[in-house]
Structure formats: C-alpha cells, structure tokens
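The values are calculated or read from the model by the stated rules, or taken from the named source; none is laboratory data. Note that this is a predicted model, so its numbers are computed, not measured. So basically every Cβ, Gly included, is an ideal-geometry build from the backbone, and we count neighbours across all protein chains shown.
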C-alpha cells in the first residue's frame, strides 16, 4: 500500500538512482530520472521486485519506470487565504492581526 495517492504532487528528496539490472547509476545509462527537489505527479503504483519495496510511477519522467517511494515526500498544500487583504480594503488605517 502506497502512502501517496494518484494525482498527488510529490518532491524528490534523494536522486541517487541505481539501475537494478546493470548496477550502474541511472545517470550513466542515459535514462531520464527524477532529480532532487523536483516536483512530480504520481500516476501509478507498483512493487519494485528486486528491491522488495513499494514504487511509484510519475508523469514527468519515463512512465515505464518505477521509482522507489522512499525517495519522495508529499508536498503539503498551502491554505490560501486572502481575508487579511480584504480587511485592509475595508479600513486601511486600522491595525489588523495577521
């Protein structure tokens, strides 16, 4: 079971990818790969059989690849609120608590 939902935005926290078949860094194989601090969208889940770990399929990189879930974290959405600015419009000289 994955901790990430399909359609969820995630960020890569570790990009030391190894190709399980060749034992090489993914950078050496020429494959496209997620980079640290990059933002990605989950489009599927699968199991990394050789590593025996949960994996993710992400939209922004080759969707034939499964990436280790442990190398990503969710992006927490910010609560957007403009009420402070609306209060300023009513009385711009009044001090408000933000």
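Odds and ends about this structure:
- Matching residues, segment 6-35, being at pLDDT 90 or above, surrounded by 11 or more Cβ atoms within 10 Å (Cβ to Cβ) and assigned to a loop (DSSP other than H, G, I, E, B): 6, 8, 13
- Taking residues in segment 76-97 that are under 26 Å from residue 9 (Cβ atoms), and partners anywhere that are modelled with pLDDT under 70 and not in a helix (DSSP H, G or I), the pairs with Cβ atoms closer than 6 Å and at least 6 places apart or on different chains are 84/98.
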